[in-house]
Ligand code: NCD
């Protein structure tokens, strides 16, 4: 199935498998709907627009925020969530094919989110599904909803500084080889103009060539750097990533890259411009040998990692609303929240 066939036309009933499906107008539409979700995500208003709808949330790889924020996003629109979280708890472990699993589960759900360790698996599943499927991460390949929430965050953080995404200088730091969040994000940002991509990684964990080719073909500056201090200088956004240990051929090999690039407040103060925004798709690896993003940055106001996770709910609500065609009905019969929400300030 060529992704050309999947280009977004009007969102309704479509799968979201790759950021290749999006043009700038699609991104604008998603972000405009995401903005309108804020009162609901922040528990100021309640909507039941998806009452009766069921999300099949299928996560065959570890996940905290993607799984839970997709689930919460669906709940906040009034829908119900059914979860499957392990291959061994599903009939896939009895030899059932993705095709059969998709035929069955799409009879039980109105929409499905799926994460799976193999690249291309979610597209294979979607081809057999009778309802829309959103890729929650397929191995090292793609993670489109993460890229959307990251771009949404970048845009908001820059807007606070009266800047647009065009002209952005971004450093992507860490495991650029296996990081699917990075793979989707660079392609999405490449839709904008005049971007500088600083690619900061050990040579063995460099961004794979096909992605570099896409960025260059779109006319952007691509700067591979193998040294942290030089890599972080003069950028607007610092996007730090975890070594994707689970994707390496052996733990021994993964261990070689542990803790190689660590951003802490000292490095930030010495080498970054004072307004540099710090992002990370999370989880950050806070074990002593790793710490790619040190806890001593927690009180740095430019640390945007928890604004990213909050924004994830808005963007995922927007995707559900668009794919299930309720984006313009969310406010119908919405009401105020009756319970105490005063202790929960947004990030
Ligand atoms: C990322 C993922 O699973 O690709 N996490 C996430 O979804 N926020 C990044 C990672 O695991 O390092």
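Show me the ranking of peptides 292-300, 230-238 by mean Cβ neighbours inside 10 Å, starting with the highest.
Averaged packing, sorted descending, gives the order 230-238, 292-300.
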- What angle, in degrees between 0 and 90 and rounded to the nearest 10, separates the Cα long axis of helix 180-189 from the longest principal axis of the Cα atoms of the chain? 90
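Would you order 183, 220 from fewest to most other beta-carbon atoms within 10 Å of each residue's own beta-carbon? Before the final figure, lay out the partial values.
Values: 183 25, 220 18.
Going from sparsest to densest Cβ surroundings: 220, 183.
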- Any chance you could give the angle, 0 to 90 degrees and rounded to 10, that helix 305-323 forms with the longest Cα principal axis of the chain? 40
- Distance between the range 93-146 and the range 272-312 - C-alpha centres, whole angstrom: 30
- Item | nm² value of the averaged projected area, convex hull over the Cα atoms of the chain | 17.7
- With only helices counted (DSSP H, runs n ≥ 4, each -39500 (n - 2.57)), the per-residue ellipticity at 222 nm for the chain, to the nearest 500, works out to -9500 deg cm²/dmol
- Taking every pair of alpha-carbon atoms in the range 144-300, give the share separated by more than 25 Å as a whole percent. 24
- Quick one: angle between helix 144-159 and the longest Cα principal axis of the chain, in degrees between 0 and 90, rounded to 10, please. 60
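Read the figures in this text as sums done on the coordinates, not as results from a lab. All of these numbers come straight from a predicted model, not from anything done at the bench. Methodologically, a virtual Cβ is constructed for each residue, glycine included, from the backbone with ideal geometry; neighbour enumeration extends over all protein chains shown.
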